[in-house]
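Only the coordinates and a few stated rules stand behind these numbers; no lab work does. These numbers come from a predicted model, not from an experiment. Cβ atoms come from the backbone with ideal geometry, glycine included; neighbour counts cover every protein chain shown.
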Amino acid sequence: MRFVLLSLIIMFTSFSCEEPISPVNYEANVIWSKDVTRQLNLVQPVIEKGFTYVASDTTIKCFKLDNGTLIWESNLGLIPGSIASAKLLHSNNMLFLNHKNWVKAFDKANGDLIWETYFENFLPVNLQIMSQNSTSLIVGGQGEVIKISRTTGNIELRIQLNELIPSGYFQIAYSPFISEDDFIYVPTGWSTGNGIKGNILCYSAVSGKYVWGYEILTESDAESCTIKDSLIVFPSSSSIFALNRFTGKKIWQTTVSDDAFQESVTIEGETVYMGSHDKSRMYAFHLRTGSLKWKSKETESSIITIITVKSNRVYFSNFAAIYVLDAFNGSIIWKGFPPEYNQDKSYIYSSPVAVGEGYMVNVGSKKVYCLNDP
Amino acid sequence: MPSHTTNNSYNGLNAIGYTAASQANSLVPYDNTVTIGYSMGGVLAREIKRQRGANCNIKALISVGSPHTGASIVNGAQNLYDVINLWFDDLAAGWIAYSYPYNDAVWIARYYFLGSITDIIWANVKERFFNQVGLNSDAARDLKPNSGFMNTLNSNPSTTLPAATYAVYGQEDWYSHVRLGDAYLNSGTETGAVLQTYYNVMSYYAQEAFWNYYDAQYYWDEFFDPWGEHYGDPFYWQMYLYWKYAGDAFNFGAYAMNVLHQQDWNYYIVGETLSAQNVTDRNPVNDAFIPTVSAAPSFVAANKRYKALNTNHAELMKYSVSLAQISYALRRPDINLPLR
């Protein structure tokens, strides 16, 4: 008789509308939330020194991290619409945001506009992620990348991407990367008319001179890259590549048989983390050899986002839920939707999640959320 | 370069080949068109491409929940009435255990417990297929797996696909049939209200089972207590059996709602068998309408298939999750739609 009561209790516990996740020792709760109006909020916020900075709707806002008090709000001067960027950058005293043909810098202390730069004759790329080093910002567009001063916003270089492409075609610079030792790495994609091709191009960030290029031989583009030591790592279709970043020579290539990658390559320590958008898994590869360390269980949505790896955890959101994985084996530590989700499915976590100082901040479809780190 | 945005519709009852031949110019009037084809719209776009070949205006296709290799639900929808009757039987079992006649038990299950939910599902799928597509329409005939139309369309898929072809598809959460009915009821947005009612019914059955087992436990304990006054009393044994039977029947009703009906929906309606692992993971693996293997077929490259979390078929063109996936497809180099 006891067993039927036990089975009934087990059945009760399975009535949750979300799939059971184990272990359940870690919990994240919403500390505070604030309303936003646009559904497609895709800009990763910033967390720093007890504050969080959030770009959504037509504004950029600063909140106190622990209680959500609005410190300042600055209008971006946009007509209502989604911001065509996927990441807010920051320096000691400034925030940088790109949108279509412009980049703007705001004072972190009060939200005042410090400078704005408009690019003439520039064809932007939607959801462009800028990169920065200690002096400059780099922005990608269609057929070129632009380097500007972080201090003044002055344009320092405009580099036309004419390498490794037939004349009459142009390649799109998705999320270029600028290193502290003044190299610019540009993952590109271009349409052949019958398919896609892509390259990794390297330029001097001082002179704009072409240093080397790597042509991806498969029918695929490259949309993100990152560096560590002498390596540049990037995904393309079903493969992850590592090149010597000074010569462009291929060090390793790892191909998975039943999956594909697009965005979100991240390096932490000696591991490359990469989300897939076909099987929607997180992968971890050895940085030096490319061998697979682990791949997570399939999640329910393509992982096309910015990944954060901190304190032996992998954090990401995939346009609906936030996931926290164990960086050692890919097991799910915590997964959650906004608290309103169970009553109203239109509440989701939509932007890439920002992580730091014991908190996670996400711009959702209807609210900005601050959660404790589980 | 000038750009245009059009939002075109067509008679969804006509043969797809006929619609493609007769309406291609009005549906795709401009050169280099980026077409977003929702559901049958994606199949229609491929048929236009097949018929027009190099003269087709479609430069790129983003299919959204399109049944590229067929929609088993055209056949499955005909099973719907029978399947729902089976569900009522599941819910009637508890009342039969309470000695209600079968017909009365089904009536209680239908009108007091599951009717409001299944009627929503029934009405909306019925509306979708009997009225909008029409189970006997030419379009529905074309959409059946292995129909003549499908076999022709897929005999050489590359001739039907623009160079830039992307497939966005949904993956709904457990109870996907309930969520789908809710979304269809509310113009493509699941409110959660129908699912809440579903939970309430399921909880009622589980609670009823619990108290029946509780009573059964009492009679069991009394019957086997050597120091009690009812030790070995056959009446107590009979009462134990009665409450145990009733508990099992209500427990089954709750289990059926929790697990079996999702499996039924996948198998009989969508045309996809859930693996044991998917049942364990509570993952119905499709958008509750079109099997994933059809909405994201292998002839669309793996790096061009975009999966949208917790999105059912009715929600695909409205839900932020799928809209975000479409945004990322639109910026790929072979589409590269200018920002507006």
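Here the Gaussian network model covers chain A, with springs between Cα atoms less than 10 Å apart; of A:Ser220, A:Ser207, A:Ser280, A:Ser207 fluctuates the most.
Counting, for every residue in B:163-170, the Cβ atoms of other protein chains within 10 Å of its Cβ and taking the mean gives 2. In this label model, A:Asp181 and A:Tyr169 are separated by 3.1 nm, measuring between points 7 Å along each Cα→Cβ vector. Using the Cβ-Cβ distance between A:Glu73 and B:His230 with R0 set to 56 Å, the FRET efficiency works out to roughly 0.15. Straight-line cross-link partners of A:Lys64 among the aspartates and glutamates, defined as a Cα under 17 Å from its Cα and at least 8 positions apart when in the same chain: A:Asp35, A:Glu48, A:Glu73, A:Asp107, A:Glu357, A:Asp373. Going by the alpha-carbon gyration tensor, a ≥ b ≥ c the square roots of its eigenvalues, is segment A:94-185 rounded (a/c under 1.5) or, if a/c is not under 1.5, prolate (a/b greater than b/c) versus oblate? Verdict is prolate for segment A:94-185. Most mobile of A:Glu340, A:Glu116, A:Glu156 per a Gaussian network model of chain A (Cα springs, under 10 Å)? Judging by the Gaussian network model, the answer is A:Glu340. The H on the amide N of A:Gln262, modeled in the peptide plane, is under 5 Å from the matching H of A:His277, each at least 5 residues off or on a different chain. Rounded to the nearest 10 degrees, what's the angle between the helix B:73-97 long axis and the longest principal axis of chain B, both from Cα atoms, 0 to 90? Roughly 10 degrees, rounded to the nearest 10. Remark: relative contact order (chain B) = 24 percent; criterion is Cα-Cα distance under 8 angstrom and separation of 6 or more residues. Proximity of backbone amide H atoms, modeled 1.01 Å from N, is registered between A:Leu76 and A:Thr59, A:Ile60 at under 5 Å, excluding neighbours fewer than 5 places apart on the same chain.
Rounded to the nearest whole Hz, the Karplus-based 3J(HN,Hα) values (6.51 cos²θ - 1.76 cosθ + 1.60, θ = phi - 60°) of segment B:144-149 follow the sequence 5, x, 6, 5, x, 4, with x at glycine and proline. With respect to chain B, whose longest principal axis is taken over its alpha-carbon atoms, helix B:234-255 is tilted by about 10°.
Phi-derived couplings, Karplus 6.51 cos²θ - 1.76 cosθ + 1.60 at θ = phi - 60°, listed residue by residue for segment A:179-192: 9, 5, 8, 6, 10, 10, 10, 10, x, 10, x, 8, 9, 7 Hz, with x used for Gly and Pro. The modelled label-to-label distance for the pair A:Gln343/A:Asn194, using points 7 Å beyond Cα in the direction of Cβ, is 5.7 nm.
Shielding by partners for peptide A:312-321, expressed as the average number of C-beta atoms from other protein chains within 10 Å of each residue's C-beta, is 3.
Note on B:Ser155/A:Glu215: beta-carbon distance plugged into 1/(1 + (r/R0)^6) with R0 of 25 Å gives a FRET efficiency of 0.15.
Applying 1/(1 + (r/R0)^6) with r as the Cβ-Cβ distance of B:Val259 and B:Ser99 and R0 = 30 angstrom yields a FRET efficiency of 0.65.
Residue pairs exceeding 30 angstrom between C-alpha atoms, taken from A:Lys310/A:Lys367; A:Lys100/A:Lys249; A:Lys197/B:Lys144: A:Lys100/A:Lys249; A:Lys197/B:Lys144.
Candidates B:Asn57, B:Tyr218, B:His230 compared by Cα position along the dipole of chain B: farthest toward the positive end lies B:Asn57, with charges placed on Cβ. Computed about its Cα centre, the charge dipole of the protein assembly as shown is approximately 2600 debye, with only Lys, Arg, Asp and Glu carrying charge at their Cβ. With each label modelled as a point 7 angstrom along the Cα→C-beta vector, the B:Ala21-A:Glu48 pair spans 6.5 nm.
Derived scalar couplings between HN and Hα for segment A:256-272 equal 9, 7, 10, 8, 8, 10, 9, 10, 6, 6, 9, 10, 9, x, 9, 10, 9 Hz in order, rounded to whole Hz, by the Karplus curve 6.51 cos²θ - 1.76 cosθ + 1.60 (θ = phi - 60°), x for Gly and Pro.
For the protein assembly as shown, the mean residue ellipticity at 222 nm estimated from helices alone is -8000 deg cm²/dmol, where every DSSP H run of n ≥ 4 contributes -39500 (n - 2.57) and the total is divided by all residues, rounded to the nearest 500. Backbone amide hydrogens, once placed in the peptide plane, bring A:Arg38 within less than 5 Å of A:Asp57, excluding anything fewer than 5 places away on its chain. Residue separation of A:Thr255 and A:Asp326 scaled by 0.36 nm, minus their Cα-Cα distance, works out to 23.3 nm of gained length.
What's the angle, to the nearest 10 degrees (0 to 90), between helix B:40-52's Cα axis and the longest principal axis of chain B? Here the helix axis deviates by roughly 30 degrees. Per-residue shielding of B:312-324, expressed as the average number of other chain Cβ atoms within 10 Å of the residue Cβ, stands at 5. Considering only B:Ile269, B:Met257, B:Ala105, and ranking their Cα positions along the charge dipole of the protein assembly as shown that arises from unit charges at the beta-carbon of Lys, Arg, Asp and Glu, the one farthest toward the positive end is B:Ile269.
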